[in-house]
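Let me begin by presenting the structure, written as structure tokens, before commenting on it.
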Amino acid sequence: MSGEEIRSKYLEFFKRHDHAVIPSSALVPENDPTTLFTGSGMQPLVPYLMGEVHPKGTRLTDSQKCFRAEDIDEVGDNRHTTFFEMLGNWSLGDYFKKEQLRWFFTFLVDEVGLDPQRIYVSVFAGDESLGIPKDDEAVAIWKELFLERGIEAHDVFIGSEEDGYEKGMQGGRIFYYDAAKNWWSRAGKPSKMPVGEIGGPDSEVFYDFGPEYATHPDFKDKEPHPNSDSGQFLEIGNSVFIEYIKQEDGSFTKLPQRNVDFGGGLERIAAARVGTPDVFKVDLLWNVIEQIQTLSGKKYEDNLVAFRVVTDHIRGATFMIGDGIHPGNTEQPYFVRRLVRRAVRYADMLRIPAGELKNLSRSVIETYKGHYTNLREKQNEIIDAIGKEEEQFRKTLERGLKEFEKIKESHIDGPTVALLFTTYGFPYELILEVAKESGKTVDEAGFKEEMQKHQELSRAGAEHKFKGGLADHSEKVVQYHTATHLLLAGLRKELGDHVHQAGSNITGERLRFDFTHGEKVSGDVLRKVEVFVNDVIQKGAEVTMEIRDKEEARKDPTIEASFWERYPDQVKVYSMTGENGELYSRELCGGPHVQNTKGIGTFKIQKEEAVAAGIRRIKATLE
Ligand code: ALA
């Protein structure tokens with residue numbers, strides 16, 4: 001059974017259970033400055049889990065493209081990838097545990113064909129300090145589900161992961177774990193969650209490949225248990241029961257609605273079906289592995305890490321560029337650059353001829369273009385960008401390595417490393433890697449000082465998250481969001497209809513807005529735009545939302561939108577209208593917005609600059 005088949009079976013299955021199939025959101029979230037990438041299926045749905053009405057109803061399903069930058073160094077083992085697809089289904093205040101656990105179990109056993117004997121599950125052990133009970137309800141449901149398949153499932157208590165290594169399986173099939181393991185929120189366990197963040201107990205499903213796969217050396221003398229990385233078990237799905245929200249005093253109260261947030265790794269489910277714990281053996285990835293075998297004349301089994309890094313990174317870069325993120329020097333583009341450049345280094349270790357990475361990308365596109373049509377549409381652009389980045393990096397690499405070879409000392413001091421980086425453009429991570437390969441050490445402390453700025457950047461993925469609280473729907477952020485619509489309307493009014501949104505990033509302190517325009521915007525025009533925005537704010541335009549049919553809305557020339565393909569077939573349209581009925585702005589958008597523009601502050605453009613060819617950026621504040 002191919003990955004493609006599992007994906008469509010899953011979507012079909014939930015469609016039969018009255019779910020609306022929604023398209024994957026982009027890898028870079030819109031209007032969510034708390035995170036660089038979409039890392040789980042629920043991320044784009046947070047407003048709806050908190051109670052906002054979703055245009056497609058209360059039951060949704062999708063396959064969401066995800067990217068976890070923080071996993072880049074884990075790539076090389078048999079289960080971690082930076083990019084992956086997360087199959088998801090959601091109940092927005094609709095069904096709950098009973099339906100959810102039954103449906104997922106039925107899907108795994110009857111649709112994918114997994115042996116129920118190999119399925120183990122975990123549930124939340126409760127947390128007295130928070131007054132949240134252990135999940136006996138989920139246990140009762142699981143017992144019934146297993147019994148229907150002729151399996152008597154015992155529940156046993158584990159506690160923490162460490163406890164598990166002492167206690168072991170205890171003849172159990174259902175395992176109680178603590179909040180570090182069986183509670184899910186975007187920020188992790190309850191104590192890590194910022195005020196206003198939502199989450200809840202979860203129930204995970206594990207596939208047992210058999211004790212012969214418990215080969216990880218770190219777990220040699222430890223008892224096996226499902227939620228461990230020994231290699232025997234693989235987590236293939238997680239049903240989160242999102243019904244709590246964190247309060248100022250650290251306690252949790254119930255949300256107005258009980259939600260289900262399910263996420264399951266497509267490649268992992270496919271791996272369970274194939275009977276291998278190695279996700280790279282799933283056809284979606286294996287296509288690329290085979291091509292690397294041909295190009296390098298080497299065998300996958302003899303070069304696991306390098307094969308996996310090249311495959312993962314080229315797939316990640318392909319999807320990123322497909323979502324409009326080209327290699328660059330800051331934020332998300334920096335990760336794309338890092339992916340391609342690391343892939344070049346590992347491709348060299350495998351002696352893959354130079355210039356072939358774009359052909360690996362071509363094979364990624366072939367594999368995925370049926371479902372992700374944007375890859376087909378942007379095929380040339382993607383292949384071109386990867387080819388160019390490889391070429392450019394090879395030149396840099398050559399210069400950098402030449403300089404590196406001149407270093408005679410076995411301990412490289414800070415300034416030397418900084419020179420390699422700044423003057424020769426030799427990437428930081430690679431300096432460390434090359435130093436290690438040639439048995440040299442690096443004065444990291446000395447060089448950190450000089451490279452601080454760069455380092456912050458490479459860690460941005462992990463650190464950016466939850467810095468200032470959440471996909472913050474605070475009043476100020478919402479006000480900025482509304483002001484952003486007015487800014488776009490003003491720019492289109494002054495510059496013309498070629499101006500569209502190319503990106504947006506909003507915090508409680510400022511807005512940053514990228515738009516399509518070929519040249520510098522004059523101070524005169526910027527002032528006119530400011531006057532327009534402030535005028536609408538002062539007059540107090542009413543903000544209204546209507547749900548419309550996408551295809552019908554697409555034909556309406558009064559609606560501004562740049563990313564039609566990212567929206568489901570029912571869309572939300574926000575309009576800002578004056579008392580006299582004058583339409584100031586009408587845009588496709590997920591919300592939220594203020595109800596009236598009055599009193600949101602004085603709009604001021606702070607800066608206008610270029611970000612890329614044909615793209616300008618404005619930073620502005622509300623004072
Ligand atoms: N949001 C849950 C996860 O990412 C399903 O595991």
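The values are calculated or read from the model by the stated rules, or taken from the named source; none is laboratory data. Just so it is clear, the model here is predicted, and its values are computed rather than measured. Reconstructed Cβ throughout: ideal geometry from the backbone, glycine too, with neighbour counts over all protein chains shown.
The set of residues from segment 129-155 being in contact with a strand residue (DSSP E or B) (Cβ under 6 Å, 6 or more places away or on another chain) and under 21 Å from Val109 (Cβ atoms) comprises Ala138, Val139, Trp142, Ala153, Asp155.
State all residues of segment 418-438 that are modelled with pLDDT of 85 or more and either over 17 Å from Met349 (Cβ atoms) or surrounded by 14 or more Cβ atoms within 10 Å (Cβ to Cβ) (or both); if no residue qualifies, say none. If you could, list the steps in order and put the result at the bottom.
In the first step, residues of segment 418-438 are kept if they are modelled with pLDDT of 85 or more; the result is 431-432, 434-438.
Hits for segment 418-438 are Ile431, Leu432, Val434, Ala435.
Which one of these is over 30 Å from Ile289 (Cβ atoms) and touching a helix residue (DSSP H, G or I) at 6+ places or on another chain (Cβ under 7 Å): Glu243, Glu267, Glu197, Glu223?
Details: Glu243 fails: touching a helix residue (DSSP H, G or I) at 6+ places or on another chain (Cβ under 7 Å); Glu267 fails: over 30 Å from Ile289 (Cβ atoms); Glu197 fails: touching a helix residue (DSSP H, G or I) at 6+ places or on another chain (Cβ under 7 Å).
After applying the criteria, what remains is Glu223.
Number of residues in segment 297-346 that are of a type in the set (D, E, K, R) and within 19 Å of Asp283 (Cβ to Cβ) equals 5.
State whether one or more residues within segment 153-172 are within 16 Å of the ligand (Cβ to nearest atom) and crowded, with 22+ Cβ neighbours inside 10 Å. Full working, then the answer.
Our first condition is that a residue be within 16 Å of the ligand (Cβ to nearest atom); within segment 153-172, this holds for none.
Within segment 153-172 (the criterion being within 16 Å of the ligand (Cβ to nearest atom) and crowded, with 22+ Cβ neighbours inside 10 Å), the answer is no, since none of the residues qualifies.
Residue count for segment 397-415 under the criterion of being more than 25 Å from Tyr346 (Cβ to Cβ) and not in a loop (DSSP other than H, G, I, E, B): the result is 3.
For segment 50-69, does any single residue satisfy the condition of being under 17 Å from the mean Cα position of the chain (by Cα), among the acidic types (Asp, Glu) and closer than 29 Å to Lys369 by Cα?
Step one: list which residues in segment 50-69 are under 17 Å from the mean Cα position of the chain (by Cα), which gives 61-69.
Narrowing the set further to residues that are among the acidic types (Asp, Glu) leaves 62.
Remaining after also requiring closer than 29 Å to Lys369 by Cα: 62.
Within segment 50-69, one or more residues are under 17 Å from the mean Cα position of the chain (by Cα), among the acidic types (Asp, Glu) and closer than 29 Å to Lys369 by Cα.
Residue check: is Ala140 modelled with pLDDT of 95 or more, buried (at least 20 other Cβ atoms within 10 Å of the Cβ) and under 25 Å from Ser160 (Cβ atoms)? No, not satisfied.
Residue selection: Pro47 satisfies the criterion of being within 16 Å of the ligand (Cβ to nearest atom), surrounded by fewer than 17 Cβ atoms within 10 Å (Cβ to Cβ) and not acidic (Asp, Glu).
For Ile352, the conditions (1) surrounded by fewer than 22 Cβ atoms within 10 Å (Cβ to Cβ); (2) part of a loop (DSSP other than H, G, I, E, B); (3) touching a residue at least 60 places away in the same chain (Cβ under 8 Å) all hold with the exception of (1).
Could you run through segment 564-596 and say how many residues are under 32 Å from the mean Cα position of the chain (by Cα), in contact (Cβ under 8 Å) with a residue 40 or more places away in the chain and more than 18 Å from Lys56 (Cα to Cα)? Of the residues in segment 564-596, 6 are under 32 Å from the mean Cα position of the chain (by Cα), in contact (Cβ under 8 Å) with a residue 40 or more places away in the chain and more than 18 Å from Lys56 (Cα to Cα). The residues of segment 70-91 that are hydroxyl-bearing (Ser, Thr, Tyr) and within 16 Å of the chain's Cα centre (by Cα), listed by number, are Thr81, Thr82. The single condition among (1) away from the ligand (no atom under 14 Å from the Cβ); (2) buried (at least 16 other Cβ atoms within 10 Å of the Cβ); (3) at pLDDT below 95 that Thr58 does not meet is (3). Mind counting the residues in segment 24-44 that are more than 16 Å from the ligand (Cβ to nearest atom) and polar (S, T, N, Q)? Residues in segment 24-44 being more than 16 Å from the ligand (Cβ to nearest atom) and polar (S, T, N, Q): 1 in total.
Screening Phe84, Phe67 for residues that are buried (at least 21 other Cβ atoms within 10 Å of the Cβ), in the same structural domain as Arg186 (by TED's automatic domain parsing) and in contact with a Cys (Cβ under 9 Å, 6 or more places away or on another chain) leaves exactly one candidate, Phe84. For the structure I just gave you, tell me whether Pro190 is in contact (Cβ under 8 Å) with a residue 12 or more places away in the chain and within 20 Å of Asp115 (Cβ to Cβ). No: the conditions fail for Pro190. If you go through segment 474-505 and keep only what is over 27 Å from Pro557 (Cβ atoms) and among the aliphatic types (A, V, I, L, M), you end up with Val477, Val478.
Quick grid of which residues meet (1) part of a strand (DSSP E or B); (2) touching a residue at least 12 places away in the same chain (Cβ under 8 Å); (3) touching a Pro at 6+ places or on another chain (Cβ under 9 Å); (4) more than 15 Å from the ligand (Cβ to nearest atom):
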| residue | (1), (2), (3), (4) |
| --- | --- |
| Glu70 | no, yes, no, no |
| Asp73 | no, no, no, yes |
| Arg79 | no, yes, yes, no |
| Trp90 | yes, yes, no, no |
| Phe105 | no, yes, yes, yes |
| Val121 | yes, yes, yes, no |
| Leu147 | no, no, no, yes |
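Within segment 3-16, is even one residue within 16 Å of the ligand (Cβ to nearest atom), farther than 21 Å from Ile325 by Cα, modelled with pLDDT of 95 or more and outside the structural domain of Phe513 (by TED's automatic domain parsing)? Yes, there is a match, as at least one residue in segment 3-16 is within 16 Å of the ligand (Cβ to nearest atom), farther than 21 Å from Ile325 by Cα, modelled with pLDDT of 95 or more and outside the structural domain of Phe513 (by TED's automatic domain parsing).
Only residues that are farther than 17 Å from Gln43 by Cβ and within 15 Å of the ligand (Cβ to nearest atom) were counted in segment 241-254, giving 3. Only a single item in (1) touching a residue at least 60 places away in the same chain (Cβ under 8 Å); (2) in contact with a helix residue (DSSP H, G or I) (Cβ under 6 Å, 6 or more places away or on another chain); (3) closer than 23 Å to Ser25 by Cβ is not met by Val536, and it is number (3).
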